[in-house]
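Notes to accompany the following structure.
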Amino acid sequence: ERSVYQSGSVVCHICIWHTAWRKTERKIKMAKRVFLIVLDSAGVGYEPDADRFGDVGSDTFGTCIRSGRLSVPNMEKMGLYQIEGTSFEKKGIPAAGCCGKLREQSAGKDTTMGHWEIGGVISPKPMPTYPNGFPQELLDEFAEKTGRGVICNEVGSGTEMIRKYGEEQMRTGKWIVYTSADSVFQIAAHEEVIPLEELYEGCRIARKMLTGENAVGRVIARPYVGESPNFTRTVNRHDFSLEPPKDTILDMLKAAGKDVIGVGKIYDIFAGRGLTKTFPNEGNEKNMDVTIYLLDEDFDGLCFVNLVDFDMLYGHRNDIKGYADALNAFDKRLDEFLPKMREDDVLMITADHGCDPGFPGTDHTREYVPILCCGKNVKRGVNLGTRESYADISATIAELFGIRYTGDGESFLGKIM
């Protein structure tokens with residue numbers, strides 16, 4: 001203390017350092033709330049390595065645009081049609097935000113890898129898939145541990161599996177087990193034959209079994225209702241995912257004392273890690289109801305939203321009309337969302353992979369995804385071009401909040417703020 005009081009130069013340096021630090025702190029903390037909305041499967045055109053996945057020519061957003069049904073004026077203002085290198089690019093400057101596209105670096109094209117990469121974790125190794133169905137010994141173990149037999153064990157669309165085996169499932173009480181081109185172990189059951197909680201417990205048992213070389217990305221509960229041949233799947237789907245192999249932006253924000261709110265499938269995809277509050281999936285409209293409600297809540301951190309209907313209800317069912325109409329409906333909800341944004345809010349809209357409803361087959365497609373940003377403190381008219389990883393989103397969010405970041409990706413904050 002004596003030396004500080006006696007030395008004016010020391011005091012002067014301390015004051016200069018403190019003033020500079022306060023200015024830096026104000027510059028770094030440029031957002032109190034970030035709303036990150038994932039339009040599940042809304043890709044913007046096939047990636048350079050799409051030939052490895054049989055997806056050359058896929059273009060989810062392009063298909064919807066060419067249908068003549070798409071009307072998304074809010075996303076258009078944010079720069080949707082100025083995203084470079086897309087089939088629908090129009091030269092010009094985004095009117096109300098920033099736009100670009102992101103390339104996936106992970107070795108897959110599914111929901112888990114896509115969201116993990118958005119969260120800052122690139123997965124270089126593909127998760128196991130079962131193009132010929134699951135090994136019989138695995139199914140026998142599952143049947144023994146759950147006390148119910150197994151039917152199906154095929155690869156295909158869930159709606160087709162339920163149409164084909166739903167009546168037998170109701171008659172026998174066995175599980176319908178099937179998979180797809182993704183790393184998934186899917187279990188379907190009629191809600192009036194096997195109660196939801198028993199179906200979920202069966203999924204938990206499968207999740208514990210599926211480790212090591214059989215560590216699939218997700219075990220998925222696929223409940224349905226109705227009578228043959230008009231079975232319909234319900235919103236009570238539940239995903240049981242692997243835990244991410246390292247910390248994601250969710251973990252880092254939570255460790256820094258921030259709020260991390262998941263809406264929709266976010267809790268399932270990240271196995272509950274890093275969240276401080278969760279709202280389960282109830283379909284696009286109700287998930288957007290929750291998101292708009294949260295605009296009135298005073299939180300400090302990230303609201304991470306997944307809108308799964310694009311993928312689940314339309315992409316996998318080759319329903320171009322339904323997909324385009326769902327995008328229109330989402331954009332219409334932005335009419336409510338955007339005026340309620342606060343001074344220090346940032347909105348980011350992206351996707352986790354493609355699922356082109358006009359492309360042959362019903363699987364996900366290897367595509368670039370959009371990145372659209374807006375907010376009162378976000379620059380207008382910025383084209384981010386093509387970014388090398390979905391993880392750039394998390395690197396940017398970390399810098400927005402001024403927290404330590406140990407994930408993958410490179411921040412684009414300097415370009416948009």
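Numbers for the structure displayed
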{"read-out": "Whole-number D in µm²/s for the chain (Stokes-Einstein; Kirkwood sum over Cα pairs; 20 °C, 1.002 mPa s)", "value": "96 µm²/s"}
{"read-out": "Part-to-part distance (alpha-carbon centres) for segment 57-106 and segment 228-285, which is given in Å", "value": "27 Å"}
{"read-out": "Estimated dipole of segment 262-417 in Debye, rounded to 20 [Cβ of Lys and Arg +1, of Asp and Glu -1, Cα centre]", "value": "260 debye"}
{"read-out": "Convex hull volume per residue for segment 78-180, taking Cα atoms only, in Å³", "value": "179 Å³"}
{"read-out": "Hydrodynamic radius of segment 183-253 per Kirkwood, over alpha carbon pairs, in Å", "value": "13.4 Å"}
{"read-out": "Alpha-carbon Rg/Rh ratio, for segment 23-109, with Rh computed the Kirkwood way", "value": "1.05"}
{"read-out": "From the C-alpha gyration tensor of segment 263-417, square roots of 5λ in Å", "value": "25, 19, 17"}
{"read-out": "Percent of Cα-Cα distances greater than 20 Å, calculated over segment 228-290", "value": "36 percent"}
{"read-out": "Per-selection Kirkwood Rh - segment 349-417 (Cα, Å, 1 d.p.)", "value": "13.7 Å"}
{"read-out": "Taking only Cα atoms of segment 300-341, radius of gyration then Dmax in Å", "value": "12.8, 39"}
{"read-out": "Helix 158-172 axis, angle to the chain major axis (alpha carbon atoms, nearest 10°)", "value": "50 degrees"}
{"read-out": "Over the chain: helical MRE at 222 nm, DSSP H runs n ≥ 4 each giving -39500 (n - 2.57), nearest 500", "value": "-10000 deg cm²/dmol"}
{"read-out": "P(r) tail fraction, segment 288-375 - alpha-carbon pairs more than 23 Å apart, %", "value": "31 percent"}
{"read-out": "P(r) histogram, all alpha-carbon pairs of segment 270-337 included - 5 Å bins from 0, percent", "value": "3, 14, 24, 22, 18, 12, 6, 2, 0"}
{"read-out": "Placed amide H near Asp259: partners under 5 Å, 5+ positions off or other chain", "value": "Asp300, Gly301, Leu302"}
{"read-out": "Potential extension, Asn132-Ala95 segment - 0.36 nm per residue separation minus Cα distance", "value": "8.4 nm"}
{"read-out": "For segment 246-368, share of DSSP beta bridges that run antiparallel, in % to the nearest 5", "value": "10 percent"}
{"read-out": "Whichever lysines have a C-alpha closer than 24 Å to that of Lys145, once near sequence neighbours (fewer than 8 apart) are set aside", "value": "Lys174, Lys208"}
{"read-out": "Sequence-separation-based contact order of the chain, relative, with Cα cut under 8 Å and 6+ spacing, percent", "value": "29 percent"}
{"read-out": "Over 18 Å (Cα to Cα) - which of Lys332/Lys376; Lys286/Lys321; Lys109/Lys277; Lys254/Lys277; Lys32/Lys286; Lys77/Lys379 fall in this group", "value": "Lys332/Lys376; Lys286/Lys321; Lys109/Lys277; Lys32/Lys286"}
{"read-out": "Residue-count net charge about Ile151 - beta-carbon cut-off 12 Å; Lys, Arg +1, Asp, Glu -1", "value": "+1"}
{"read-out": "Residue-span extension gain [Glu388 to Val290] - 0.36 nm each, minus C-alpha spacing", "value": "32.1 nm"}
{"read-out": "Estimated inter-spin distance, Arg69 and Thr276, nm [label 7 Å along Cα→Cβ]", "value": "4.0 nm"}
{"read-out": "Charge dipole (debye, nearest 20) of the chain; +1 at Cβ of Lys and Arg, -1 at Cβ of Asp and Glu", "value": "1480 debye"}
{"read-out": "Å³ per residue enclosed by the Cα convex hull of segment 176-302", "value": "127 Å³"}
{"read-out": "The chain: angle of helix 136-146 to the longest principal axis, Cα-based, in degrees nearest 10", "value": "80 degrees"}
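Bear in mind these aren't lab numbers, they're just calculated from the coordinates by the rules spelled out. Given the structure is predicted, the values throughout are model-derived calculations rather than measurements. Here the Cβ is made from the backbone with ideal geometry for all residues, glycine too, and neighbour counts use every protein chain on show.
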